[in-house]
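This report refers to the structure that appears directly beneath it.
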Amino acid sequence: MTADSASPPAVAWPDAARHAAFDAWLARVAPAHGLLPASARLASSDASFRRYLRVDAAGGGSFIVMDAPPAHENCAPFAHVAALMQAAGLHVPRVLDWAQEDGFMLLTDLGAQTMLQALEAAPPETRADAARPLFMAAVESLIRWQAASRPGALPPYDAALLRRELELFPEWYLARHKGVAVDGAMRQTLDGVFSLITARNLAAPQVFVHRDYMPRNLMLPAQAGGPLGVLDFQDAVCGPVTYDIASLMRDAFMSWDEEFVLDITIRYWEQARKAGLMDFEDWHADFASFWRAVEWMGLQRHLKVAGIFARLTLRDGKPQYLADAPRFLAYIRHTAGRYAELTPLLRLLDQVEGAPAATGWAFGRM
């Protein structure tokens, strides 16, 4: 990336002491990498306390600085997972300098355009055609990541964690956002459904899981045909092989026709079989069996994210996230309506939200 022609706006620092620590650290690392400290500007922020700055280099190009206050964020998992992904052959930021006590990290810059931005810019009538090669590149990187799995390298995505995530839905979406008292019969229904979802998902083979493997966290390559860049991987765990493909195809910010979702998922399944990742029950021979498991995994994620988006709005003052809640409710209804065991969940949603509006699956954002 080239330097901006105009002077970048000053980066806001609510904490003067942290600002001073940043300036001192950047001045120290600048000579070794040819950084231009005055060019620092906000590149992006996410749903946590982390934010990212972009800094130009004197010889051209740019670098990324992660600003992660140690009181709120732990950078160690990011560095650990980055090393695992790099060893697996994925295109991820390299850690060039890390001030552990201050929470500043200098990273290589993977570019400024996400896969999501590229898809949103494509004309709706040709969006699926533009999306297919990008999704296949994402599948290729995902297979590499999963094939590199080894026991003990990442925290387990165990029953306790799955259940804690599910509880975000009643706590934040139902109780705090919708004002529903989650007790009595409703609590009984949720307990039964959550136990079933947890058991189904824990039965799947365990692999490395990114946890937010979706177009918003995948960066377009600088040159056509290059690998997608992978970001926001610090929460990676070892968990169900179904998780990341469910995350990729049932995205938090973009919806696709189910025919397209099936097409890409089948292509993933075919590559996963060759990599030995489908050697479980009848998954190797029966895509339908694997597809059911993906839907159950997606359901857990959708319930969790609906709760997270409500929390981001109500606790953290980020209302843009809850604006995507209808997408997740549609995902939840879609899955709950296909399986008799999930009828109680569908009725609960009808009780809270009212009868569902007539909806259809469409390419691109809904």
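Values as computed for the structure displayed
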quantity	calculated
Between 0 and 90°, nearest 10: helix 258-274 axis offset from the chain longest Cα axis	80 degrees
GNM top mover of Asp324, Asp23, Asp212 - the chain, alpha-carbon springs below 10 Å	Asp23
Per-residue ³J(HN,Hα) for segment 117-132, Karplus 6.51 cos²θ - 1.76 cosθ + 1.60, θ = phi - 60°, Hz, x for Gly and Pro	4, 5, 5, 5, 7, 6, x, x, 6, 10, 5, 5, 5, 5, 6, 4
Rounded FRET efficiency, nearest 0.05, which uses the C-beta distance separating Ala79 from Arg41 and R0 of 22 Å	0.35
Whole-number percent relative contact order across segment 211-366, with pairs defined as alpha carbons under 8 Å at least 6 apart	24 percent
Amide H within-cut-off set for Asp97, under 5 Å, with H built and near neighbours excluded	Leu106
Principal-axis tilt of helix 325-336 within the chain, Cα atoms, nearest 10 degrees	40 degrees
Eligible lysines near Lys318 by straight Cα distance, threshold 20 Å, same-chain separation 8 or greater	Lys178, Lys304
Highest-fluctuation residue, Trp13, Trp25, Trp283 considered, GNM on the chain with Cα pairs under 10 Å	Trp13
Percent accessible area from carbon and sulfur atoms, segment 1-160, protein chains only, probe 1.4 Å	58 percent
Computed [θ] at 222 nm, helices only, for the chain once each DSSP H run of length n ≥ 4 contributes -39500 (n - 2.57)	-14500 deg cm²/dmol
Helix 184-202 vs. the chain, principal-axis angle (Cα, 0 to 90°, nearest 10)	70 degrees
Heavy-atom accessible surface of segment 190-294: percent carbon and sulfur, 1.4 Å	50 percent
The chain, relative contact order [Cα under 8 Å, separation at least 6], %	16 percent
Solvent exposure of the chain as accessible area per residue, Å², 1.4 Å probe	43 Å²
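The values are calculated or read from the model by the stated rules, or taken from the named source; none is laboratory data. Just so we're clear, the structure is a prediction, and the values are computed from it rather than from any experiment. With ideal geometry, Cβ positions are generated from the backbone for all residues, glycine too; neighbour counts draw on all protein chains shown. Heads up: the accessible areas ignore ligands, DNA and RNA and are worked out on the full protein's heavy atoms, side chains in. Shrake-Rupley method; radii C 1.70, N 1.55, O 1.52, S 1.80 Å.
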